[in-house]
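What follows is a set of notes on a single structure, which appears directly below.
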4 protein chains.
Amino acid sequence: MSPRRRDSESTAAARAERRAELLATAAEVFASRGYASTTVREVADAAGMLGGSLYYHFDSKESMVDEILSVFLTDMWAAYDAVTAAGLDARETFRSLIAESFRTIDRHRPAVVIYQNESKHLATNPRFAYLTDSQRRFRAMWLSVLDRGVMEGVFRADLDTGLIYRFTRDTVWLAASWYRRDGRLSADEIARQYMAMVLDGIVTT
Amino acid sequence: MSPRRRDSESTAAARAERRAELLATAAEVFASRGYASTTVREVADAAGMLGGSLYYHFDSKESMVDEILSVFLTDMWAAYDAVTAAGLDARETFRSLIAESFRTIDRHRPAVVIYQNESKHLATNPRFAYLTDSQRRFRAMWLSVLDRGVMEGVFRADLDTGLIYRFTRDTVWLAASWYRRDGRLSADEIARQYMAMVLDGIVTT
Amino acid sequence: MSPRRRDSESTAAARAERRAELLATAAEVFASRGYASTTVREVADAAGMLGGSLYYHFDSKESMVDEILSVFLTDMWAAYDAVTAAGLDARETFRSLIAESFRTIDRHRPAVVIYQNESKHLATNPRFAYLTDSQRRFRAMWLSVLDRGVMEGVFRADLDTGLIYRFTRDTVWLAASWYRRDGRLSADEIARQYMAMVLDGIVTT
Amino acid sequence: MSPRRRDSESTAAARAERRAELLATAAEVFASRGYASTTVREVADAAGMLGGSLYYHFDSKESMVDEILSVFLTDMWAAYDAVTAAGLDARETFRSLIAESFRTIDRHRPAVVIYQNESKHLATNPRFAYLTDSQRRFRAMWLSVLDRGVMEGVFRADLDTGLIYRFTRDTVWLAASWYRRDGRLSADEIARQYMAMVLDGIVTT
DNA sequence: GATGAATGAGATTTCATTCAT
DNA sequence: TATGAATGAAATCTCATTCAT
């Protein structure tokens, strides 16, 4: 009502920004303490407010994780879709997907950790059916790249692509658990070394 | 049926056996539902008894995970110690450690899953300080093998051994999440393919 | 059935003796830990058996206190009745009642402690109505002696006999909480000093 | 109603006041039913709320008794310390301590009852070590007054001061069990009669 | 937007008691 | 007589959620 309240900071945009802030805080806490064993009060403490106050912004604890994961998955798939739409050969597609994965981790580290740790459990709830869908689609995408690579003669045919998929997936995503943005190695440097290792092995030739 | 059997079935041996049975059941449930979100009643249901009855055998929910993890770690280190005591070169030590890891997973799959998922959270409790200790020792052991391998010229020197350690650790242990004893591939076959991949890479040469 | 079982130790007398032993043990434990917060298992531990085994001898935890208190009260009233039947004057009756009280404490210390601590709470249970009855009768007896003493001119008339009764009762019975049979002072010596104090005061004359 | 009042009613002051109210309620219930056999729900009922709601204000049932007893002991020692700091002779110090004891009972009757009934049991818990400390200090204070009185020739030398201490302590504090603020006798009147009795005895001279 | 107090369902835990052996 | 295992009711405690202010 006062002129001040007309500021861009006091409109719907400001509200969305506050939501995003709170979600970032919640994601940190869920990632470090685990979703199930984090209390709403712990999230509120981290956000500098009281437990009940969070309910002005969110319906429930569940809707917080929901939004955290949805935002992350949407962003991740946008990046992946751009790669697959680029029409690269199998080897370059593989490289780019790996690189994009590490960049996504860089942007959404806490969300990735939550995704890794809680997906299986949350997916039993219909509300989170999209997690299972995403996983299925994810697997299909990677297997298609790997199988194409084998056909193109660039990837070894004596390895089980199902196994390669699993090992690749696990290592890449688990990196979110130890990766620190301010650490010794950048996301791109980690991706580079990771690819050197996976593609050519750790043994001297 | 034999007289011997009847003896062992009563007394302390029978009691220990019952404990072990119940712990195996609890481990399955904790592994599949997550420790924090598993209720004592779910464990009891799975064991075919009422919630309170578990407390005849165990002090608390916490002491169940404690025993599950301790037993697993003890067994794992026995296997690792046997390998490192064998005086093999770096490459063979690496191979053997990987193989032992998959065999340990084969014997203690649920415990490994719990270890992966809950360690970080449980370790904040002094009672579980041994988890942190074990992790430290684990890291030291793997780094020593990798560094030795680089010095012996068998492992590439252009890769960060810290990174190799992490990637190796993650893939090996995460296998516990999807490995099934009755699946298509045996533990040893998985270990074989895994090493082929890690040692020589997935690219054709 | 065997000749051995014919021993006097294996008849009803032996059974009663075992009961008495167990009750003595239970009384000790109830007295030191409090009835409500003592578990049946603690009693059993103290008796060198398992929790369930006590139920061969007693119907319930409640029936244990019941028997402990009944036995004690019966014995105490026998002593009191002997005193009041002796036809002594007020002062001598008072002295004798005090002396008998300390002797009863000497014989039933744990029961007296239980009586002091748990009576009020137990008395809400109809089964223990006799506790209230006993207390009423107790009060009447003491007040009659005190009032008689005032009338006979041996006790001061300027003090409220209700108060004297309470103070006397409290000190005497609370002595059970600290009195030890093997302590520095015998029950009779304590009674003597106690009477010197109550009758003549602690001030020099 | 005054503006000042409205201020104090909100914020931390109001919270402290509510705590105090709830503690007073809890103390009544613990005193009348016994700490161990009082359920949190009974306390909540008496306070007009549900069981869980108490945990908004207090950590645990234990922390309730803790606060009840601490507050009481702090207040009691403030009164005692004022007396001992006044430099009175033994007889007057004794009189004043007795009088303060009855006044403390008047202010903290339920807390005193709890203290009497539960101290021994609670003191086994390290959290309540201060109960033992207080008791020790209490004993030292009384004995010092009594011994000084004997030396000054005002108290009889033929009585064991240890016994006098115990009898005095017991009678005074047990008064909390039957004393009612709205009863026939005021705290000071009870103290007066009590001292007449203890100092000069109940026998006519 | 946020607070503070409460709710109430559900979790872990305790423990008197039962019962087959 | 005693054991060992289990029961089941009840207790303490936790926590997501609500709501008046």
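The values are calculated or read from the model by the stated rules, or taken from the named source; none is laboratory data. Predicted model only: the values in this text are computed from it and were never measured. Every residue, glycine among them, receives a Cβ derived from its backbone with ideal geometry; neighbour counts consider all protein chains shown. Note: areas computed on protein heavy atoms with side chains; ligands, DNA, RNA excluded. Shrake-Rupley method; radii C 1.70, N 1.55, O 1.52, S 1.80 Å.
What does the buried accessible surface come to for A and B, summed over both chains, with the probe at 1.4 Å? Round to 100 Å². Could you put the intermediate results ahead of the total?
Values: alone 12150 and 12020 Å², together 20160 Å².
For A against B, buried area totals roughly 4000 Å².
List, shortest first and in nm to one decimal, how far the label point of residue A:24 (7 Å from Cα along Cα→Cβ) is from its counterparts in the other copies.
4.9, 5.0, 7.6
Got the residue B:45 label distances to the other copies yet, label 7 Å along Cα→Cβ, in nm, shortest first?
Going from nearest to farthest copy, the values are 3.1, 3.2, 3.4 nm.
Under a GNM of chain D (C-alpha, springs under 10 Å), which listed residue has the highest mean-square fluctuation: D:115, D:55, D:179?
So, out of D:115, D:55, D:179, the one fluctuating most is D:55.
Hey, if you put +1 on the Cβ of every Lys and Arg and -1 on every Asp and Glu Cβ in region B:87-141, which of B:105, B:125, B:140 ends up farthest toward the positive end of that dipole?
B:125
So the label point sits 7 Å from Cα along the Cα-to-Cβ vector; using that for residue C:196, what distances do you get to the other copies, in nanometres, sorted shortest first?
Inter-copy label distances (nm, one decimal, shortest first): 2.6, 9.7, 10.1.
Note down the magnitude of the dipole of region B:91-172 about its Cα centre, charges +1 on Lys and Arg C-beta and -1 on Asp and Glu C-beta and zero elsewhere, to the nearest 20 debye.
The calculation lands at about 220 debye.
Of the residues A:98, A:190, A:114, which exhibits the maximal mean-square fluctuation in a Gaussian network model of chain A defined by a 10 Å Cα contact cut-off?
Result: A:190 has the largest fluctuation of those listed.
To the nearest 10 square angstrom, what accessible area does residue A:188 show with a 1.4 Å probe?
80 Å²
Can you tell me the 0 to 90 degree angle between the C-alpha axis of helix A:187-200 and the longest principal axis of chain A, rounded to 10?
Tilt relative to chain A: about 30 degrees.
In chain B, what percent of the accessible surface is made up of carbon and sulfur (1.4 Å probe, ligands and nucleic acids excluded)? Show your work: numbers first, answer last.
On the way: 5270 of 10010 Å².
Carbon and sulfur atoms account for 53 percent of the accessible area of chain B.
Cα atoms only: what Rg and Dmax, in Å, come out for the protein assembly as shown?
Rg then Dmax for the protein assembly as shown, in Å: 38.5, 123.
So if we plug the beta-carbon distance of residue A:182 and residue B:70 into 1/(1 + (r/R0)^6) with R0 = 35 Å, what FRET efficiency do we get, rounded to 0.05? Walk me through the intermediate numbers first.
Details: r = 36 Å, r/R0 = 1.02.
So, using R0 = 35 Å, E works out to roughly 0.50.
Skip the ligands, DNA and RNA, and give the accessible area per residue of chain C with a 1.4 Å probe, whole Å².
Values: 10150 Å² over 205 residues.
Spelled out: the 1.4 Å probe surface of chain C, per residue, equals 50 Å².
Using unit Cβ charges (K, R positive; D, E negative) and no other charged atoms, how large, in debye to the nearest 20, is the dipole of the protein assembly as shown about its Cα centre?
Working: 108 positive and 112 negative charges, 107 e Å.
In debye, rounded to 20, the protein assembly as shown gives about 520.
With everything on Cα atoms, drop me the angle between helix C:129-151 and the longest principal axis of chain C, reported from 0 to 90° to the nearest 10.
Between the helix axis and the principal axis of chain C, the angle is about 20 degrees.
Measure nothing but the geometry: give the 0 to 90° angle between the long axis through the Cα atoms of C:12-33 and the longest principal axis through the Cα atoms of chain C, rounded to 10°.
60 degrees
Anything over 27 Å Cα to Cα? Flag those among B:120/D:61; C:61/D:120; A:61/D:61, in the order listed.
Working: B:120/D:61 31 Å; C:61/D:120 22 Å; A:61/D:61 29 Å.
Correct reply: B:120/D:61; A:61/D:61.
Taking Cα pairs under 8 Å and at least six residues apart, what relative contact order does chain B come out at, in percent? Kindly include the intermediate steps, with their values, before the conclusion.
Details: 132 pairs, mean separation 45.1, N = 205.
Relative contact order for chain B comes out at 22 percent.
Based on the alpha-carbon set only, what is the convex hull volume of region C:1-147 divided per residue, in Å³? Don't skip to the end; give the middle numbers.
Working: hull volume 19.8 nm³, N = 147.
Considering the Cα atoms of region C:1-147, their hull volume per residue is 135 Å³.
With springs connecting C-alpha atoms under 10 Å apart, model chain A as a Gaussian network and identify which of A:109, A:127, A:91 has the largest mean-square fluctuation.
Of the options given, A:127 has the highest mean-square fluctuation.
In deg cm²/dmol and to the nearest 500, what is the mean residue ellipticity at 222 nm of chain B if only DSSP H runs of at least 4 residues count, each as -39500 (n - 2.57), divided by the residue total? Please report the intermediate quantities before stating the final value.
Details: 9 runs with 154 residues, N = 205.
That comes out to -25000 deg cm²/dmol.
For region C:23-66 and region B:39-74, what is the separation of their Cα centres, given in Å?
Their Cα centres are 28 Å away from one another.
For region B:133-205, with only Lys/Arg (+1) and Asp/Glu (-1) charged at the beta-carbon, what is the dipole magnitude about the Cα centre, in debye rounded to 20?
On the way: 11 positive and 10 negative charges, 55 e Å.
Result for region B:133-205 is approximately 260 debye, rounded to the nearest 20.
In chain C, with Lys and Arg counted as +1 and Asp and Glu as -1 at Cβ, which of these residues, C:54, C:177, C:22, has the Cα nearest the positive end of the dipole, that is, farthest along it?
C:54
Quick one: pull the percentage of alpha-carbon pairs in region B:60-205 with a separation above 28 Å. Let's see the in-between values first.
Values: 2189 of 10585 pairs.
Looking at region B:60-205, the distances longer than 28 Å represent 21 percent of pairs.
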